[in-house]
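**Student:** The structure is given below, and queries will be raised subsequently.
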Amino acid sequence: MREYYITKNDSGQRLNKFLEKAVPLLPGGMMHKYLRLKRIKVNGKRTESAYRLCEGDKVQLYLNDEYFDAPREEEAFRRIQTPQLRIVYEDENILLADKAPGMVVHTDEHGDANTLIAHIQAYLYQSGAWDPDDAASFAPALCNRIDRNTGGIVIAAKTAEALRILNDKIKDRELEKRYLCIVHGRPRPPEGLIENYLRRDEKRKQVTLHKTRVPGAKTARTRYRTLATQGKLSLVECELLTGRTHQIRAHMASIGCPLLGDGKYGTNELNRPYGETGQALYAYRLTFRFAQDAGALGYLNGKTFTVRDIPFVIKYFPAFGL
């Protein structure tokens with residue numbers, strides 16, 4: 001038996017949400033079963049999963065030790081009962097997923113195991129497309145990543161060959177990635193090329209912009225064009241010619257047009273009237289433009305995939321159609 005005493009930090013949340021973090025390997029169905037059987041109690045009594053914990057509550061768990069081991073990232077898919085996945089495209093080699101803002105692609109420094117790759121693997125496992133218990137089986141893997149608060153298309157390889165090919169194509173910049181963003185103000189000129197150097201500050205988790213090369217800085221190039229304006233906001237399309245950390249966010253801020261909701265490169269003063277707390281940025285379009293032989297993925301050459309229902313576009317530019 002294990003006991004947890006609820007502190008102020010844990011109070012106010014539902015019991016089931018607390019249990020998901022405290023007992024990461026306990027499936028939801030088993031959780032409800034053990035609540036019925038009184039193997040999970042609060043203050044010595046049977047409790048419903050929706051009960052909101054209070055400071056000072058004592059949660060008692062009469063469960064096997066195996067449920068308390070923190071899941072390794074590669075095993076996190078096993079505890080996902082219903083994968084939350086928006087599939088843009090899928091075939092026998094790849095899967096394109098539309099990642100929702102707020103979801104991480106891999107486990108981050110906070111240990112969040114509710115990741116995009118876990119949901120992709122759970123979906124492929126449950127559909128029978130992947131057998132993780134086959135020792136020779138390749139584990140589906142992501143080929144690119146985007147920030148937690150950025151939404152958009154992420155590529156997953158379903159085979160080792162596809163992963164190898166796509167890694168090479170991304171390295172050789174044979175994939176065209178376009179983003180939509182909402183910025184404060186109106187870019188001047190309305191379209192153009194931003195080219196400079198970005199250096200990442202690991203401690204601050206932020207990049208700094210430099211007009212000339214400095215130690216640790218890398219070339220960064222972004223092409224942008226203004227699609228629409230409404231009041232004090234503009235809808236802008238950006239094409240990444242290089243793929244640096246926070247590149248679009250830093251580049252748009254550098255021309256006086258920080259992204260709506262971006263507190264890192266923008267200001268709270270600008271964002272406060274809109275109530276947005278995450279940057280309005282979406283990787284909405286992906287085109288495969290292979291300059292060299294792509295082997296088993298050659299059939300993808302020239303194909304474009306687009307996400308059209310982007311929440312912030314619908315909210316602030318409802319008349320604009322993708």
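**Student:** Taking the criterion of being of a type in the set (Phe, Trp, Tyr), in a loop (DSSP other than H, G, I, E, B) and out of contact with any Lys or Arg (no Cβ under 7 Å at 6 or more places or on another chain), would at least one residue in region 131-152 satisfy it?
**Tutor:** Yes: one or more hits.
**Student:** Going residue by residue through region 41-48, is there one that turns out to be open to solvent by 70 Å² or more (accessible area, probe 1.4 Å) and in contact (Cβ under 8 Å) with a residue 40 or more places away in the chain?
**Tutor:** no
**Student:** Of the residues that make up region 89-104, is at least one at pLDDT below 90, of a type in the set (D, E, K, R), open to solvent by 50 Å² or more (accessible area, probe 1.4 Å) and in a loop (DSSP other than H, G, I, E, B)?
**Tutor:** No.
The values are calculated or read from the model by the stated rules, or taken from the named source; none is laboratory data. All of these numbers come straight from a predicted model, not from anything done at the bench. Ideal geometry is used to build each Cβ from the backbone, glycine not excepted, and the neighbour counts take in all protein chains shown. Quick note on the areas: whole protein, heavy atoms, side chains included, nothing else; ligands and nucleic acids left out. Shrake-Rupley method; radii C 1.70, N 1.55, O 1.52, S 1.80 Å.
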